[in-house]
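**Q** Take this structure first; my questions come after.
Laboratory data are not the source of any read-out in this text; all were calculated from the coordinates shown. These numbers were taken from a predicted model, which means no experiment stands behind them. Every residue, glycine among them, receives a Cβ derived from its backbone with ideal geometry; neighbour counts consider all protein chains shown.
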Amino acid sequence: MILASRNRHKVRELAEILPGVALRPLPDEVELPPEDGETFVVNALIKARAALAATGETAIADDSGLEVDGLAGRPGVRSARYAGEEATDQENLDKVLRDLAASDGPASARYVCVIALVEPDGRESVFEGICEGRLTQEPRGLGGFGYDPAFVPADTGPGDGRTMAELSPAEKHEISHRGRAARSLAAHLAGPDAA
């Protein structure tokens, strides 16, 4: 199936989480419409529908981001563009941490991922995963991408202060928002008889 993304991090992560599913990135010639929805669900469906329309093949798309309580849920759907349309991961991370420090609000946050599956017969399904945690003002770790160096997940336990960027890929996939959404997708693809 087609993954409506050329983001190599997402393609690699989803391929690792969905063993046995042949994922192909979006062909270079396919242009996706702007992600101008107000929710992760709307944006994921926009991308998946466009990929299906362009290729005729079953398509999946994810939209994901970080919601910070001290920033009233920002950056949210604008996570990839928080510091500007062409911003790097580092610029987005720096802006979130600056804004949070200036807000005096809570550092609690969550990663949200929505994966949309759109099939040629018109069926559409949506799968959501959430990973709760908090932000640290001292980014650490070399793994992951995006906001991972500053995101401390709650699921590793209260005594574990590692960021997502300090976890092994297997540890991250087990608790991540994308891992949870992808496992829901995998269960759906396997069908009711798979258990």
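**Q** Mind checking which of S184, L117, P25 is farthest towards the positive end of segment 2-190's charge dipole, using Cβ charges of +1 (Lys, Arg) and -1 (Asp, Glu) about the Cα centre?
**A** S184
**Q** Using R₀ = 22 Å, calculate the FRET efficiency as 1/(1 + (r/R₀)^6) where r is the Cβ-Cβ separation of V21 and D89; round to 0.05. Before the final figure, lay out each step's value.
**A** On the way: r = 26 Å, r/R0 = 1.19.
For V21 and D89, the calculated efficiency is 0.25.
**Q** Checking the cross-link filter: which aspartates and glutamates have an alpha carbon closer than 18 Å to that of K95, excluding same-chain neighbours under 8 positions apart?
**A** Hits, sequence-local ones excluded: E67, D69, E85, E86, D104, E138, D148.
**Q** Can you give me the orientation-averaged projected area of the convex hull built on the Cα atoms of segment 1-51, in nm²? Before the final figure, lay out each step's value.
**A** Values: hull surface 14.7 nm².
Over all viewing directions, segment 1-51 projects a mean Cα-hull area of 3.7 nm².
**Q** Quick check: net charge around T55, other residues with Cβ under 13 Å of its Cβ, Lys/Arg +1 and Asp/Glu -1? The partial results should precede the final answer.
**A** Details: positive: R24, K47, R49; negative: D28, E29, E31, E57, E119.
Within the 13 Å Cβ shell, the charges total -2.
**Q** Which angle between 0 and 90 degrees, to the nearest 10, do you get for helix 40-55 versus the longest principal axis of the chain when only C-alpha atoms count?
**A** The two axes meet at around 40 degrees.
**Q** Still on this model: Give the order of R134, R162 when sorted by the count of other beta carbons within 10 angstrom, beginning with the fewest.
**A** Values: R134 18, R162 14.
Listed from fewest to most nearby Cβ atoms, that is R162, R134.
**Q** Here's something else I'd like to know. How many angstrom lie between the Cα centre of segment 74-115 and the Cα centre of segment 151-173?
**A** Using only Cα atoms to place each centre, the spacing works out to 19 Å.
**Q** Can you spot the lysines whose alpha carbon is less than 21 Å from K10's alpha carbon? Ignore those fewer than 8 places along the same chain.
**A** K10 reaches K47, K172.
**Q** What FRET efficiency comes out for D121 versus R12 if R0 is 41 angstrom and r is the Cβ-Cβ distance? Round to the nearest 0.05.
**A** Details: r = 29 Å, r/R0 = 0.71.
Given R0 = 41 Å and the Cβ-Cβ separation, E is 0.90.
**Q** What translational D, rounded to a whole number of µm²/s, comes out for segment 90-195 from Stokes-Einstein when the hydrodynamic radius is the Kirkwood one over Cα pairs, at 25 °C and 0.890 mPa s? Intermediate results must be reported in sequence, preceding the final value.
**A** Values: Rh = 15.2 Å.
Stokes-Einstein gives a translational diffusion coefficient of 161 µm²/s.
**Q** Between E38 and A72, with labels modelled 7 Å along Cα→Cβ, what's the label distance in nm to one decimal, could you check?
**A** 1.4 nm
**Q** What is the packing order of peptides 170-177, 69-76, taking the mean over residues of other C-beta atoms within 10 Å and listing the highest first?
**A** Values: 170-177: 19.2, 69-76: 17.2.
Ranking the peptides 170-177, 69-76 by packing returns 170-177, 69-76.
**Q** Evaluate the Debye formula for segment 2-190 with equal point scatterers sitting on the alpha carbons, no solvent, and hand back log10 of I(q)/I(0) at q = 0.10, 0.12, 0.13, 0.19 Å⁻¹, in q order, two decimals.
**A** Rounded to two decimals, the profile gives -0.39, -0.56, -0.66, -1.33.
**Q** For segment 63-83, list residues with backbone N below 17 Å from a point placed 7 Å from the Cα of Q137 toward its Cβ?
**A** Backbone N within reach: 69-71.
**Q** What's the magnitude of the charge dipole for segment 91-195 around its Cα centre, counting Lys and Arg as +1 and Asp and Glu as -1 at the beta-carbon? Answer in Debye, nearest 20. Don't skip to the answer; put the middle values down first.
**A** Details: 11 positive and 17 negative charges, 25 e Å.
I would put it at about 120 debye.
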